[in-house]
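The structure appears right after this line, and notes come after that.
None of the figures in this text is laboratory data; all of them are computed from the coordinates on show. Just so you know, these numbers come straight off a predicted model, no measurement behind them. Using ideal geometry, Cβ is built from the backbone for each residue, glycine included, and neighbour counts are taken over all protein chains shown.
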Amino acid sequence: MTAFRSADEFFQAIRDLCDNLDREGHGVAAAELRDGFACLNGLTDGWALFLKSVENVKAAHYKSFSSEHQSVFKSIHKMVYAAVHRR
């Protein structure tokens, strides 16, 4: 699992994953993640909306991702979940 050293690195990982998913034919998943990412406003409600998008992608698309993208996605999911649930 990927560890993020800063918020900038975390946000760049999300953008990179979306770009890579687009290139590999997972445009619907990338769009869902981008839509959720756009909800981030520094408040818990924005993180909760992003978490909903992440969980929608996990339910519908995760199994079709490459193992590398699954690893990055897991790390993103873990960070977003922690931001919402303060764990």
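Summary table
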read-out	value
Percentage relative contact order, segment 32-74, counting C-alpha pairs under 8 Å, at least six apart	33 percent
Amide N of segment 73-87 lying under 20 Å from the label point, which is placed 7 angstrom from the Cα of Asp19 along Cα→Cβ	73-77
Value of [θ]222 nm, deg cm²/dmol, for the chain, DSSP H segments ≥ 4, -39500 (n - 2.57) each, nearest 500	-24500 deg cm²/dmol
Listed residue (Asn41, Cys18, Leu51) projecting farthest to the positive dipole end of the chain, Cβ model	Leu51
Answer label, with volume of the Cα convex hull per residue in Å³ calculated from the coordinates and candidates (i) 112; (ii) 85; (iii) 124	(ii)
